[in-house]
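Contents: one structure, followed by commentary.
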Amino acid sequence: MRERTAKPAVWAAVLMIIFLLAPCLRAQGTEATLSGKVTDSLGAAVANARVSAKSLATGQSAEAQTDLAGTYRLAKLPPGEYEVTVSAEGLATKIGNVTLAAGASLTFNAALSVLPSAPQAQPQAPTNNAPNAPPSNRAPSLEDLGFSPSETKSNPKEQVLLDKRTRMLKIHQRLGLITTIPMIAALVTSSDVGETNPSNTNRTAHMILGSATADLYFTSAYFRAPRVPGTKSRGPIRFHKAMAWIHGPGMILTPILGALAYSQKNKGGDIHGIAKAHGPVAIVTAGAFAAALLSVSLKF
Amino acid sequence: MNWEFVNAKRSPKQLASAFLLLLLTLPQYLAAADGQWILDQSTLTYHVSHPLRQTEGVSHAARGKGVCHDGQCDFLVAVPVKSFDSGDSNRDLHMLQVTKGAEFPMVTVRTRLPENDSKAATIYADLEIQFAGQTAHYKQAAFQLTSQGSETRITGTIPAALSDFKIEPPTLLTLPVKNEIPIHVEMTWHRQ
């Protein structure tokens, strides 16, 4: 009798988790990235070149500007065929076609030749308070300010890591919030499951909710943000991470102790021994989890 | 210095050489800057508003220079995006991601001002700002000036917005931040 009620409940919990996870995971892996470097005919990087990718299917365009190293990156492009146009002042425009597959990262480099009739840089007559004109050859440049190359150089790899971090963090946050629903429900249904004669329905509901909480919790933990080299944790995130040392082990212990308590009850006896710690451990775990959640959501 | 050359009686050939040398080098001196401004200290603060909280990020890492010619000064101020600190590393990394700070690591501000503006109490500058791979222009941004000796202190607010740089507003608990991200500027310059 007990086995017949438990199996559908487990399937229901599995289905619920799949249902909850599906929207979070669906968004990944369908968008493509186009990146590359723009140089002149001598191989020197061209900064501030305009790169546009126009979808041949929809006509929509995405644009980017090259940085000081001449590199550009167009992310989150829908897969398909694109016409890529690269232009820069005083240089010939280059147009090419590329095909982006779903989730692919394609490199499109462009070497722009100097226009035969390109005007040479002439000292500009100063105009009153008109900074938006192209800077004259006397205006200070970024190199004049003495920044090191490591400070001014584009780092596309780090940008990819940061993008990945944000995607994972969003899933981590959403799953963390969703986890609170079965967690609170499990705490609510725990009020009478420890009594001498609890109903089978309440115990089963409590078990399902506890299992769903643990599953969602560990899925959320899997999507925690990856470390970015060279950064140190500061602010509320330190407290958030510290709380994980409490709710992490708690989330492992609570189901084990719960299973022991469930087994003892099924044998018709009272909950005894280490299994009696199930309730207190669960409450401490939920408290640490809530504190971790609030620490990054609200300002104390 | 070559004393023998100075004290010796110069031949016409030597004088012609010296004159030629003077002609060659003089234009370079004439073309040199009339003067320049150097940024000594700076505090740049961005302000982000969200229904649940207000956030500020501060940077003291800006460097700047102004080069003056013919009564006009071209200014450039640059600051690494990474240098802004909000007191929360998680938020700073998120800011770095949404602003493409690893790909476009510098924020640059360019402006040109009349040289005699440094004596005014308020200046109105047209700014060209490059940030997150985009360029935005701000017309007639007001800044207050106070001078003490050779130092000039500038304070003001740049009315920047996320949409000016095509930055998607980040969200917290599904609520997006406000589009306006005013940047408060405090800078101390000295003239060389």
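Please determine, by comparing only the residues of the range A:39-64 that are in contact with a Phe, Trp or Tyr (Cβ under 7 Å, 6 or more places away or on another chain) and buried (at least 16 other Cβ atoms within 10 Å of the Cβ), which one is nearest to the other protein chains (Cβ to nearest Cβ).
Among those residues, the one meeting the criterion is A:Ala64.
Restricting attention to the range A:102-120, and to residues there that are of a type in the set (Gly, Ala, Ser) and in a loop (DSSP other than H, G, I, E, B), which single residue is modelled with the lowest pLDDT?
A:Ala118
For the range A:262-300, how many residues are within 14 Å of chain B (Cβ to nearest Cβ), part of a helix (DSSP H, G or I) and touching a Leu at 6+ places or on another chain (Cβ under 9 Å)?
Number satisfying all stated conditions: 1.
For the range A:231-253, enumerate the residues that are within 11 Å of chain B (Cβ to nearest Cβ) and among the β-branched types (Val, Ile, Thr).
If the condition is that a residue be within 11 Å of chain B (Cβ to nearest Cβ) and among the β-branched types (Val, Ile, Thr), then A:Thr231, A:Ile237 are the ones that fit.
Condition check: away from chain B (no Cβ under 14 Å), among the small types (Gly, Ala, Ser) and either touching a helix residue (DSSP H, G or I) at 6+ places or on another chain (Cβ under 6 Å) or closer than 13 Å to A:Phe239 by Cα (or both). Does A:Ala259 satisfy that?
No: the conditions fail for A:Ala259.
Quick test of your reading of the structure: B:Asp88 fulfils all but one of (1) surrounded by fewer than 21 Cβ atoms within 10 Å (Cβ to Cβ); (2) more than 7 Å from chain A (Cβ to nearest Cβ). Name the failing condition by number.
For B:Asp88, the failing item is (2).
All but one of (1) at positive phi; (2) touching a His at 6+ places or on another chain (Cβ under 7 Å) hold for A:Gly258; state the number of the condition that does not hold.
Answer for A:Gly258: the failing condition is (1).
Across the range B:122-163, what is the total count of residues that are surrounded by fewer than 18 Cβ atoms within 10 Å (Cβ to Cβ) and outside any strand (DSSP E or B)?
4
How many residues, within the range B:94-121, are among the charged types (D, E, K, R) and either buried (at least 20 other Cβ atoms within 10 Å of the Cβ) or facing another protein chain (nearest Cβ under 7 Å) (or both)?
So the count comes out to 4.
Looking at the range B:164-186, which of its residues are under 24 Å from B:His60 (Cβ atoms) and part of a strand (DSSP E or B)?
B:Glu180, B:Ile183, B:His184, B:Val185, B:Glu186
Count, please, the residues in the range A:66-101 that happen to be under 24 Å from the mean Cα position of the chain (by Cα), assigned to a strand (DSSP E or B) and more than 14 Å from chain B (Cβ to nearest Cβ).
Going through the range A:66-101 one residue at a time, the tally reaches 2.
The values are calculated or read from the model by the stated rules, or taken from the named source; none is laboratory data. Here the structure is a predicted model, which means the values were calculated and not measured. Neighbour counts run over all protein chains shown; Cβ positions are idealised from the backbone, glycine included.
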